[in-house]
1. Only one residue in 24, 111 is in contact with a helix residue (DSSP H, G or I) (Cβ under 7 Å, 6 or more places away or on another chain) and at negative phi. Which one?
2. From the list 48, 23, which one is in contact with a Pro (Cβ under 6 Å, 6 or more places away or on another chain) and either touching a residue at least 60 places away in the same chain (Cβ under 8 Å) or over 14 Å from residue 10 (Cα atoms) (or both)?
3. Please state which one of 3, 55, 33 is of a type outside the set (Asp, Glu), more than 19 Å from residue 105 (Cα to Cα) and either touching a His at 6+ places or on another chain (Cβ under 6 Å) or at pLDDT 95 or above (or both).
4. Having 1 or more residues that are surrounded by fewer than 15 Cβ atoms within 10 Å (Cβ to Cβ) is the bar; report the strands (runs of 3 or more DSSP E) wholly within the range 1-103 that clear it.
5. In the range 64-121, what count of residues is obtained for those that are of a type in the set (S, T, N, Q), at pLDDT 90 or above and farther than 14 Å from residue 44 by Cα?
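The values are calculated or read from the model by the stated rules, or taken from the named source; none is laboratory data. Values in this document were obtained by computation on a predicted structure and should not be read as measured data. As a convention, Cβ positions derive from the backbone with ideal geometry for all residues, glycine included, and neighbour counts pool all protein chains shown.
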Amino acid sequence: MQRQQTLPEIQRVIAPSRVEGAAAQRLQEEMCRHAGAGRCRIALDMSAVERIDSRGLAVLIQSARRARAEGGELVLVLPSPPVRNILELTRIHRSVDIVDDERAAYATLTALPLNDVVHAA
C-alpha cells in the first residue's frame with residue numbers, strides 16, 4: 001500500500017451584493033452544497049457585498065463551523081470597508097479569517113493539513 005497526499009480542492013464562491021433575507025438563504029444553500037460534496041476549503045469573495053444583515057452573518061458563522069467540522073476552512077476575501085467594519089464589530093473576524101486578496105486566501109487554505117489517501121499498490 002502506498003500513502004499519497006492529495007492536494008486540497010479550494011472552492012471560490014462569490015457572494016451577492018446583498019447578503020440578507022432570501023439572498024442569504026441562497027448563499028447558505030450553496031455553501032452547504034460545497035461542504036456536503038467534500039469541498040470544504042472555501043474562499044468566499046465578498047468584494048461586491050454592499051449590505052449584510054444578521055441572517056447573512058449567521059450564514060458566515062454556520063458555514064465556517066461546517067467547513068471546520070469537515071476538516072476545512074472558510075476564508076472571507078476582500079469585504080468592503082463597511083462590511084468589514086460589521087464583521088469586526090460582531091467579532092466574526094476572530095473566528096473566520098479575512099484576507100485582502102485571493103492569493104492570501106489560497107495561501108491560508110493550502111496551509112491546512114492535507115488529507116492522507118491510501119492507494120492499494
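1. Within the list 24, 111, the selection yields 24.
2. 23
3. From the options 3, 55, 33, the qualifying one is 55.
4. 2-5, 10-14
5. 3
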